[in-house]
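Accompanying notes for the structure given below.
The values are calculated or read from the model by the stated rules, or taken from the named source; none is laboratory data. From a predicted model like this one, the values you see are computed outputs, not experimental measurements. Positions of Cβ are backbone-derived with ideal geometry, glycine not excepted, and every protein chain shown enters the neighbour counts.
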Amino acid sequence: MPAVFFGHGTPMNAIQNNRYTEAWRRLGLTLPRPRAILAISAHWYTNGTGVTAMERPPTIHDFGGFPRELFAMEYPAPGDPALARRVRNLLEPVKVVLDDTGWGLDHGTWSVLVHAYPKADIPVVQLSIDGTQEPQFHYDIGRRLAALREDGVLVAGFGNVVHNLAAMQRTSDAPPPDWSVRFNDWVRDHLTKGEHWPLIHYETMGRDAQMSVPTPEHYLPLLYVIGAQVEGDEVDVVTDGIDMGSVSMLSAALGTDDTNK
């Protein structure tokens, strides 16, 4: 299986049709059907590492101030406790808690999957992001997760490489500030070239990085995905753009070239 990073953007994408959601839909139709999906979402940001291990993960509406239609949405994909246990074993000696009651599928994950896999018939397991750790830790976990790709598991990160809500404007066509464009272009350039060191050490971009990544949780899912990249994987930019002035919608798939040979 390839590995994919999705720039998930606003929860409203779940109930809208736009160029981003269309790109996710096309990708779901193009990729080989996964046996399961391991999701790393910006919205499960924890102290320590956890993995969902329930048979039926609930749909979590972890947002406020949106239309009732959005709160009514359900994504009833099954879980995969056996995959959760395998993830725990792969990540040893990192302690991974099997969570069978506390979490589920948050909007970072399901707002994309309702378009990519609308039937909700593929098992989904979420892996949390340990907010106490440095970027290298998250990249190293991604490297261990690469083995899952050989078993038909789609390793997918859900975040945004530019995510500054303080600078966000409420119109989708708001002109982006220069720092957001520069940082997004910088990430895309290193990503497509397979240059991981700069992406791990993104703070070296100075003010552009500080403004684009004021908090790390939306950026870090990218590191899991590039960590799962293996030799020979080419990178396909699925969609791109800056939404609402300061939210990057960059999405990219790694290893799709292998599936088309």
Exercise. Just give me the residues in region 159-184 being at pLDDT 90 or above, under 16 Å from residue 13 (Cβ atoms) and surrounded by fewer than 18 Cβ atoms within 10 Å (Cβ to Cβ), in sequence order.
Key: 165
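Let's see how each residue does on (1) in contact with a Gly (Cβ under 9 Å, 6 or more places away or on another chain); (2) closer than 17 Å to residue 125 by Cβ; (3) aliphatic (A, V, I, L, M):
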| site | (1), (2), (3) |
| --- | --- |
| 140 | yes, no, no |
| 148 | no, yes, yes |
| 162 | yes, no, yes |
| 166 | no, no, yes |
| 180 | yes, no, no |
| 189 | no, no, no |
Quiz item: residue 154 passes all but one of (1) surrounded by 17 or more Cβ atoms within 10 Å (Cβ to Cβ); (2) more than 28 Å from residue 232 (Cα to Cα); (3) touching a residue at least 40 places away in the same chain (Cβ under 8 Å); which number fails?
Solution: (2)
Exercise. Could you figure out which of (1) in contact with an Asp or Glu (Cβ under 9 Å, 6 or more places away or on another chain); (2) not in a helix (DSSP H, G or I) isn't true of residue 189?
Key: (2)
Practice problem: For residue 132, state whether it is in contact with a strand residue (DSSP E or B) (Cβ under 7 Å, 6 or more places away or on another chain), touching a residue at least 60 places away in the same chain (Cβ under 8 Å) and of a type in the set (S, T, N, Q). | Solution: no
Quiz item: Which one is nearest to residue 2 (Cα to Cα) among residues in region 32-59 that are touching a residue at least 60 places away in the same chain (Cβ under 8 Å) and surrounded by fewer than 19 Cβ atoms within 10 Å (Cβ to Cβ)?
Solution: 32
Practice problem: Please give the number of the condition residue 1 fails out of (1) hydrophobic (A, V, I, L, M, F, W, C); (2) surrounded by 16 or more Cβ atoms within 10 Å (Cβ to Cβ); (3) not in a loop (DSSP other than H, G, I, E, B). | Solution: (3)
Quiz item: Taking region 60-71, which residues are out of contact with any Gly (no Cβ under 9 Å at 6 or more places or on another chain) and either among the basic types (Lys, Arg) or surrounded by 10 or more Cβ atoms within 10 Å (Cβ to Cβ) (or both)?
Solution: 61, 63, 66, 67, 68, 69, 70, 71
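This table checks each residue for (1) modelled with pLDDT of 95 or more; (2) in contact with a helix residue (DSSP H, G or I) (Cβ under 7 Å, 6 or more places away or on another chain); (3) more than 12 Å from residue 6 (Cα to Cα); (4) crowded, with 18+ Cβ neighbours inside 10 Å.
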{"residue": "200", "(1), (2), (3), (4)": "yes, yes, yes, yes"}
{"residue": "206", "(1), (2), (3), (4)": "yes, no, yes, no"}
{"residue": "212", "(1), (2), (3), (4)": "yes, yes, yes, yes"}
{"residue": "218", "(1), (2), (3), (4)": "yes, no, no, yes"}
{"residue": "227", "(1), (2), (3), (4)": "yes, yes, yes, yes"}
{"residue": "237", "(1), (2), (3), (4)": "yes, yes, no, no"}
{"residue": "249", "(1), (2), (3), (4)": "yes, yes, no, yes"}
{"residue": "252", "(1), (2), (3), (4)": "yes, yes, no, yes"}
{"residue": "256", "(1), (2), (3), (4)": "no, no, yes, yes"}
Quiz item: When region 150-174 is examined, which residues are found to be within 27 Å of residue 206 (Cβ to Cβ) and part of a loop (DSSP other than H, G, I, E, B)?
Solution: 160, 161, 162, 164, 168, 169, 174
